Structure formats: C-alpha cells, structure tokens
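Written below as structure tokens is the structure these notes are about.
The values are calculated or read from the model by the stated rules, or taken from the named source; none is laboratory data. Given the structure is predicted, the values throughout are model-derived calculations rather than measurements. Cβ placement follows ideal geometry from the backbone for every residue including glycine, while neighbour counts extend to all protein chains displayed.
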Amino acid sequence: MDVCRECELLLTRRQLFGRAAAGVGTAALASLLNPAMSLASGIAGPHPGAPHFAPRAKRVIYLFMSGGPSQMDLFDYKPKMGELHGQDLPKSVRMGQRITGMTSNQARLQLLGSPFRFAQYGRSGAWISELLPHTAQVADEIAIIRSVNTEAINHDPAITYITTGSQQPGRPSMGAWLSYGLGNDNADLPAFVVFISIGTGRPDDQPLFDRLWASGFLPSNHQGVKFRGSGDRVLYLSDPPGVSRGARRDMLDGVARLNNIAARTFGDPEINTRIAQYEMAYRMQMSVPELADLSDEPESTFELYGPDSRKPGSFASNCLMARRLAERGVRFIQLFHRGWDQHFNLDKALRLQCRDVDQPSAALLLDLKQRGMLDDTLVIWGGEFGRTVYCQGAVDDPNHGRDHHGRSFSMWLAGGGIRGGIVHGATDDFSYNIAENPVHVHDLNATILHCLGMNHEKLTFRYQGRDFRLTDVHGNVVPALLA
C-alpha cells in the first residue's frame, strides 16, 4: 500500500465533501449569529424565530418534579380509599397491567388511603391537599390535569420520554426543540437554561443525566446550559487566574480564525456552532454575574418566595432566578427538583418535598402576574409519572410508600394561553385508570408547543432520512386547556 497515495485520496474525498457542504455551513453560521433573519439551509422545519401562528406564550418555565409526585396525595382526591384502606387492589382494576419489580413480588397489593386532608379551592372547586396550601391559593390561575399518562414505568425512560418524546436516549429535549424552532431573544444568554435542586424529602434520590437537556441530533448550540447553585454559575465561565479579559479576547479571536479555516475546508456546521458558542460564553461572562446578583431584589420578593430563596441552589432560589431569566428573554427555563420517589417513608418525605416547592411555585405565578408576565409565560408543574394507590410494603408498616404509576397522574399548567381555574380529566375511584379525557405525554407536549405558536406536526428536523419531531408520530392538542 502506498501510504502517501492513500493520504492524497483521503484528502481529496474530504475536500470534495467539505466543499459540497460549504454552502450549508455558511447558512448555518448565519442562522447562529442572526437567527431572526436567516433560514437553516436544507433543514425541514420552521424559520428560526418565527412561530407558525400567533403565540400566546413567549417563554416556558418548566418546574419538573423528578421522581414522580403522588397524585392521590396532592391533586386527585379519592375518599373511597379511606374506606377500603388495607384491602387488596381488585383484579378488575389492575386488569393484568404490568407493575415494577419493586412490588410485583409482594404477596398483597394493599390499598393505601391518603393520610392527608383535602379541601376545595377556586372557581372550579379543585380538591387540593393540605400539603400544598400556597398552591391552593392560586387555584384560579392553574389548570390541573388529572389524566396525564405514559407507557413508561421506570424513572429514566419516563423522564426521557416526557422531555424528548422517546423512551430511548438520543432525541432533542423540549427546550432544544424550542431553541431550534423559535430562536433566542437574548444574544447574551442561552435560549435554554437548566437548574437542579435536591429535595429534602429524599436527598439521595435519582440522579439526572445531562442528556435530558441535550440537543440530540439538532445543532449543539440548542442544548441546555446548566446553571449551578454555588461557585461559578456556569462551569469555566470565569477567566483562569492570571488571564485577563483582553487576553481571553485575543485567544478567542485566534481560535475563531483557526475554526474558520476548518469550516471553509470541511464545511461542518458544528464548527460554526463552536465559534458561536465561544462568543456566547464570552458575553455570558458579563451577563451571568449580573443575572445572579440579587442585591437589586427588594425584601418583599424574598418574603414572597420564602426563606429558602436566599439559599443559592435551592428550589426557591432557582424559581427567583427563573423569573429573572424570563425577564431577560430566555426562551425555556427548566427547574429539576429531585427527591419525589417515595417508595418508603411516604408521610414524612412527601411533606418535606412539598414544603420545598409549594411556596416558591405559587410565588413564581404571583410574581409573574404582578409584573404583567404571566399572560405570555407558560408555567408547567409535574413529574415523569405518578404513584400507585396500593402500598409498597404493608399498610401497618410506618415506613411504607408508593410505587411508580404511569397510567394516570396529575400535572398543572398556568399562564401563556392556558385556561386558569379548571380541572381537566378524571380517574377511577382508585386513581389507577383514566375515566375521562386522557392526556398522553405527546398530547401534553403538543399543547405546550401550541401555546408557543408551534404546530407540533411541522416542527421537524430531518435526520437519517426521516423527519423527527418532539411528539414522535402522534399527539393531539387539548383544546379544553386553552384560554
């Protein structure tokens, strides 16, 4: 084999494909630097920055309760379970449906009545648990959905499913889809920002993987940027010791020149993405410290969000940061709060989890409303699935809990384009199967996109010969939820 000849042939092929794709690379760079004025060449989908129709919401704040909140202890009141407490789940209710390995080998599936009191609130008379007193006071702002459902019954597939539209990893997350479809309103901050807080109910519960806010096969500039609770809000944002801002600027200029040479040679759009992201990081060195500086917030704001709002990294602090990001035009802000997986110690752990999130969640709605932002900000609250009406363990064991349940669970939406003060959907007496108006996770995501002016069937990206979308191959908007 002639090594030199093989090298020449390889370079020739590389140059051929690179030059053929150069037009795509140039268009991609233009779309990254000015998404409102350029169209991503050769990509199926909407004009970046342009919705399909007039939107009601400009941005989303997604309060994600990682682990699966117990719907029958929070929003789906089932008084009959108190009467049947300790009896076995009827076979006619389960109907042979699969359950997780954590309870499938139990000798009995005993019904567990909720130990928490419920009362009715708002125009709709929504039943809300004593664990959520602040949420109860904003009942007229929220639409409670009691009939959300998913096929997934374990955490990772379920979280991946509701956030990306597929149980298998590798698809773009919702925030990445919105960044791709609608562009970015703030050149100094990412379009998609993620926060993670650790619940006090079960602080060691369920790790979260960065792919949950990844861009998948979309250009990588659409992936979420994770903000931290301490130190630098974004890793490596500060200049290293001894490196001045001017020196960093010179370094970036040099790297950009090298990347531009590579882009012209190979035509890979990801090279242009890298250039744009380096520039974004440079601008974030100024915008992020200003964002994180809460000294301009009045005392009344901290009182509204609760005592934890002064603790960086807490759910309350992240809710306040989410409002500040929303004010600055960030498109999609997702707050993951871990610790909702109450397989045991349900009574104590669920109380602590609700204490973490109840006041800040309600405060976020009130804060947005008083600033005139709730009408065009869509707020979502919920997890990847719900919990079983039957007990994990024995009902007479004070350490008992509830297992995973995807066939019916509760979420709420508020703001941009959503009818407040309603309850949609219903479950049977056991909060096990849906009795009225099912809302699949694809239906939920289709409705969210609709509020943002996006037709979920048209927000697509061609990859490996197929047009992909957030709602996969089905999903319907739920008109009853829309204002």
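I'd like the residue in region 168-224 that is among the polar types (S, T, N, Q) and part of a loop (DSSP other than H, G, I, E, B) and, out of all such residues, is farthest from E327 (Cα to Cα).
Q168
Which residues, taken from region 99-152, are part of a strand (DSSP E or B), over 23 Å from the mean Cα position of the chain (by Cα) and crowded, with 18+ Cβ neighbours inside 10 Å?
Scanning region 99-152 gives Q110, L111, F118, Y121, A126, W127, I128, S129.
Can you name the residue in region 171-187 that is under 12 Å from N221 (Cα atoms) and among the small types (G, A, S) and is also surrounded by the fewest Cβ atoms within 10 Å (Cβ to Cβ) among such residues?
Among them, the one singled out is G183.
Could you pull out the residue among R257, R233, R248 that is outside any loop (DSSP other than H, G, I, E, B), within 21 Å of D188 (Cβ to Cβ) and among the basic types (K, R)?
Just one listed residue meets the conditions, R248.
Each row is one residue, and each column tells you yes or no for (1) touching a helix residue (DSSP H, G or I) at 6+ places or on another chain (Cβ under 7 Å); (2) among the hydrophobic types (A, V, I, L, M, F, W, C); (3) assigned to a loop (DSSP other than H, G, I, E, B); (4) modelled with pLDDT under 95.
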{"position": "P398", "(1), (2), (3), (4)": "no, no, yes, yes"}
{"position": "D403", "(1), (2), (3), (4)": "no, no, no, no"}
{"position": "I448", "(1), (2), (3), (4)": "no, yes, no, no"}
{"position": "H456", "(1), (2), (3), (4)": "yes, no, yes, no"}
{"position": "L470", "(1), (2), (3), (4)": "yes, yes, yes, no"}
{"position": "G475", "(1), (2), (3), (4)": "yes, no, yes, no"}
{"position": "A480", "(1), (2), (3), (4)": "no, yes, no, no"}
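For region 177-186, enumerate the residues that are of a type in the set (A, V, I, L, M, F, W, C) and in contact with a Lys or Arg (Cβ under 7 Å, 6 or more places away or on another chain).
Correct list: L178, L182.
Restricting attention to region 458-483, report how many residues are surrounded by 16 or more Cβ atoms within 10 Å (Cβ to Cβ), of a type outside the set (F, W, Y) and over 21 Å from F409 (Cβ atoms).
Adding up the residues that qualify gives 3.
Closer than 25 Å to D356 by Cβ and of a type in the set (F, W, Y): does that describe F209?
yes
Tell me which residues, restricted to region 442-460, are among the polar types (S, T, N, Q) and touching an Asp or Glu at 6+ places or on another chain (Cβ under 9 Å).
Listed by number, the list holds a single entry, T460.
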